[in-house]
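Here's the structure, in structure tokens; my notes come after.
Read-outs: derived from the displayed coordinates by stated rules, not from any lab. For clarity, every value in this text was computed on a predicted model and none was experimentally measured. With ideal geometry, Cβ positions are generated from the backbone for all residues, glycine too; neighbour counts draw on all protein chains shown.
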Amino acid sequence: MAGPEGVQPAQKSFGSMKLGNVTRADVVKWHHGMKATPTEANRSLLLLHKLFAMAALWEWHAGPNPAHGVPKFKETARERYPTAPELYRIAKAIGDLERATKYPLSPYVGLALRLLLLTGCRKDEILTLKWENVDTDAAVLRLPDSKTGRKTVVLSAAAVDLLKRADRQNGSPWVVTRDRRDAAGEWRHVVNVAKAWERVKTEASTKQDKQPTVNVTDLHLHDLRHGFASVGVSGGLSLPLVGALLGHADQASTQRYSHLQTDPLKIAADRIGGEILAAMNGTPPADVVDLDAARNRTG
């Protein structure tokens, strides 16, 4: 019984035990043994609960679900978002590793990491992406199935340009494809970028240049999705709008970023204060640009 990525406690704890022999006490003890990683522990518990539910559906298990009602650990949401200097170092590390003479990073894996940075998509949404679901003319990804069901991802100009320039493996339907067919002659997509991500983080944290020094070794792959959201919210976009871009099923999922919103009163106070300070210093006030008028002039 395998757990979430990097966690396989069920196999270690239950081994070859028969389903009917697993008790609630066993599950409680197993779950408590993962208290140091509460999020992973809770996800593993949900997986175990689902396993027993399916076993009951298939009539492999007739007793009560031993994972039912086991209290979950309190989880603290991560608030680790990549900063601008970190984004620069990560992007540079991806490029440097792709050009490495020894063990170069696959361009398809590099594409996956860049798409995660630019779209806010979940990892599996990018790894299982097919070219037939990419519409660069409309600037969208039309995902037939995601965590929240059918989903349309609106792409930025940068993401569209990236996809237009991306390498394609002739005959493969996958965007993040393996570079050769499998033994059965089928094309497969890349299923795991964890090792590549570790290489990128190490490269970004050890090879510095004139840019600010960074350490991204603690950055999780899913933090790139949080980073996409944090940039949007910090830039003044509304929570419902950012939630729509991320494909959140409800606004509660986006609420975690609410503290990043800039108070409109603070913006107004800074604007007035700036005008007054300019007058006090005898310098011209900053020009205020009407964005709608500017768009009309350039359109």
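At a glance:
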{"item": "Val214, Val153, Val191 arranged by Cβ crowding within 10 Å, fewest neighbours leading", "result": "Val191, Val214, Val153"}
{"item": "Cα-based radius of gyration of the range 84-258 once divided by 2.2 N^0.38 Å, which approximates compact folds", "result": "1.06"}
{"item": "Karplus (6.51, -1.76, 1.60) ³J(HN,Hα), θ = phi - 60°, over the range 183-191, in Hz, Gly and Pro reported as x", "result": "4, 8, x, 9, 7, 10, 8, 5, 10"}
{"item": "Pair Ala36, Lys18: separation of 7 Å Cα→Cβ label points (nm)", "result": "3.5"}
{"item": "Anisotropy class of the range 178-239 from Cα gyration tensor, a/c 1.5 cut", "result": "oblate"}
{"item": "Backbone N within the range 102-121 under 13 Å of label point (7 Å from Lys195 Cα along the Cβ vector)", "result": "103-106"}
{"item": "Hits among lysines - C-alpha to C-alpha of Lys130 under 21 Å, sequence gap 8 or more where chains match", "result": "Lys147, Lys151, Lys164"}
